[in-house]
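Comments concern the structure below.
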Amino acid sequence: MRLKDGYHMAQQTSAGRRYVQTFISGFFVAVPVTVTILDKLAYVARVEGASMQPFLNPDVGAQSDVVLLNRWSVRNYQVQRGDIVSVVSPRNPKQKIIKRVIGLEGDFIRTLSYKNRYVRVPDGHLWIEGDHRGHSLDSNCFGPVSLGLLHGRASHIIWPPNRWQRIKPSLPPNREPLDAEEDAE
Amino acid sequence: MFRHMLGKTLGLFGYTIQYGCIAHCAFEYIGEFVVCSGPSMEPTIVNHDVVFSERMSRHLFKIEKGDIVIAKSPFDPQMNICKRVIGLEGDKICTSSPSDLFKTHTYVPMGHVWLEGDNLRNSTDSRNYGPIPYALIRGRVCWKLWPLHSFGTMSETPMKRIIKAQRDSDSD
């Protein structure tokens, strides 16, 4: 190893300082930009549990699906029936749940196991259900959820790669709101 | 020349995005200024007061009884309401008016809070629509900034409702 003279030492410390400066300025750009993108544009989340089977996590024991949550499209709290959305659980604010939108505000819903047989979804609320009947903690358990709890709309399955697909809104059979059925008849 | 202009425009665009993101993070995770309107929090906060609401205690789950919070209205997520937290999850709340002979009580369910305005006669709050989910809370009001003569922190509790609610839950 070569002996360092003073000039080299000074050069090294200034290089170190420049390195720290670059790191700090990069840090102050990267962190806010990342946080904003995750908050406003898109969020990636792993789906846990069996409540959305068979659409998400189809095989028990296999690795769980990863979905892309579009947060920009729900900035005005606009969703359609059949969309898969993530909402903050009304029971536990630290947890987010992923369910399918069955009813929007004003819809009449025939419930599955709620305390009332028929429910009108109040203003500013959603009726959400998991696809896996009976194995899902959803609106049949805690009632309609407020739109303010909406977190994002699942737009793509991105992992595993062989199941990569865009998620299209689709309602399960016989789960349309009641007045729409009456209109059709 | 054209390339120079393009570079400048791109640089300006980048700075705009960068400062926009910093502003978003500050408003989302540190705090924001809110102009209150409506009579429901009189006399603590009157119409057109400017308050500062901090977001940290909401993200850290440190909202306590007696705090004034800003929350999204459960029936219209675009609208915000400003109320005082009367009960947290598991608390017993007296829902009847003080003059009633028979008291009715309710329990705040898991993950919910009970909000009431300080102006009990003129406030639409949890007494009308029940407890609201914790996640609808946006921030805790910590300073009143305007008007200047009432500048200060929001620590005092003018109503006896909270203490009463606590005594109820203690006595049972």
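Close Lys pairs in region A:4-160 (alpha-carbon distance under 21 Å; sequence gap of 8 or more, or different chains): 4. Label sites at B:Leu145 and A:Trp72, each approximated as a point 7 angstrom past Cα along Cα to Cβ, lie 3.0 nm apart.
Between the residues B:Gln18, B:Thr95, B:Val108, the greatest Cα displacement towards the positive end of the dipole of chain B, with unit charges on the Cβ of Lys, Arg, Asp and Glu, is found for B:Gln18.
With N residues in chain B, what two-decimal value do you get for its Cα radius of gyration over 2.2 N^0.38 Å?
Details: Rg = 20.4 Å, N = 172, 2.2 N^0.38 = 15.6 Å.
Taking the Cα Rg and dividing by 2.2 N^0.38 Å, one obtains 1.31.
In this entry, the protein assembly as shown is assigned a mean projected area of 32.0 nm², taken as a quarter of its C-alpha convex hull surface. Using 0.36 nm per residue and subtracting the Cα-Cα separation, the extra length available between B:Thr95 and B:Ser57 on full extension is 10.9 nm.
Output the peptides A:105-114, A:138-147, A:166-175 sorted from most to least packed, where packing is the average of other Cβ atoms within 10 Å over each peptide's residues.
Working: A:105-114: 16.3, A:138-147: 21.7, A:166-175: 12.1.
Order by mean packing, descending: A:138-147, A:105-114, A:166-175.
Using only the Cα atoms of region A:14-84, build the gyration tensor, take square roots of its eigenvalues as a ≥ b ≥ c, and label the shape rounded, prolate or oblate: rounded if a/c is under 1.5, else prolate if a/b is larger than b/c, else oblate. Mind dumping the intermediate values first?
Values: a/c = 7.15, a/b = 1.98, b/c = 3.61.
It comes out oblate by the Cα gyration axes.
Shown is the FRET efficiency for A:Asn116 and A:Ala42, computed with R0 = 51 Å from the Cβ-Cβ distance and rounded to the nearest 0.05: 0.90.
Please give me, ordered by residue number, the trypsin sites (Lys or Arg not before Pro) of region B:30-123 that lie in loop per DSSP and have at most 14 other Cβ atoms within 10 Å. Mind showing how you got there, number by number?
Working: sites: B:Arg55, B:Arg58, B:Lys62, B:Lys65, B:Lys72, B:Lys83, B:Arg84, B:Lys92, B:Lys103, B:Arg121; in loops: B:Arg55, B:Lys62, B:Lys65, B:Lys103, B:Arg121.
Passing sites in region B:30-123 are B:Lys62, B:Lys103, B:Arg121.
What distance in nm lies between label points placed 7 Å from Cα along the C-beta direction at B:Phe33 and B:His105? About 4.5 nm, to one decimal.
Comparing mean-square fluctuations of A:His156, A:His135, A:His125 from a GNM of chain A with C-alpha springs under 10 Å, the top value falls on A:His135. With Cα atoms defining each centre, region B:17-64 and region B:81-143 are spaced 20 Å apart in the structure.
In this simple spin-label model, placing a label point 7 Å from the Cα along the Cα-to-Cβ direction at both B:Leu120 and B:Asp76 gives a separation of 2.7 nm. Which value in deg cm²/dmol, rounded to the nearest 500, describes the helix-derived mean residue ellipticity at 222 nm for chain B, given -39,500 (n - 2.57) per DSSP H run of n ≥ 4 and division by the residue count? When only DSSP H runs of four or more count, the value is -8500 deg cm²/dmol.
Relative to the present Cα-Cα distance, how much length would full extension add between A:Ala62 and A:Ala15 at 0.36 nm per residue of separation?
Length gained, A:Ala62 through A:Ala15: 12.0 nm.
Prolate is the label for region A:47-184, because a/c, from the alpha-carbon gyration tensor with a ≥ b ≥ c as root eigenvalues, is 1.5 or above and a/b exceeds b/c. The C-alpha atoms of chain B define a longest principal axis, and helix B:2-29 lies at about 10 degrees to it.
Exposed loop sites here are GluC sites (Glu not before Pro) in DSSP loop states with at most 12 other C-beta atoms within 10 Å. What is the longest stretch of chain B lacking them? Walk me through the numbers on the way to the answer.
On the way: sites that count: B:Glu64, B:Glu156.
That would be B:65-155.
Just tell me the longest site-free run in chain B, where the sites are chymotrypsin sites (Phe, Trp or Tyr not before Pro) in a DSSP loop having at most 14 other beta-carbon atoms within 10 Å. Longest run free of exposed loop sites: B:1-60. Taking Cα atoms only, the orientation of helix A:6-36 departs from the longest principal axis of chain A by about 10 degrees. Between 0 and 90 degrees, the angle of helix B:161-171 with respect to the longest Cα principal axis of chain B falls at about 50 degrees. Using a cut-off of under 18 Å, list every residue of region A:13-56 whose amide N is near the label point 7 Å from the Cα of A:Arg133 along the Cα-to-beta-carbon line. Of the residues in region A:13-56, A:50-56 have backbone N under 18 Å from the label point off A:Arg133.
Each reported figure results from applying straightforward, stated rules to the coordinates on display, with no laboratory input. Everything quoted here is computed from the prediction, not taken from an experiment. Positions of Cβ are generated from backbone atoms using ideal geometry, with glycine treated the same way; all protein chains shown enter the neighbour counts.
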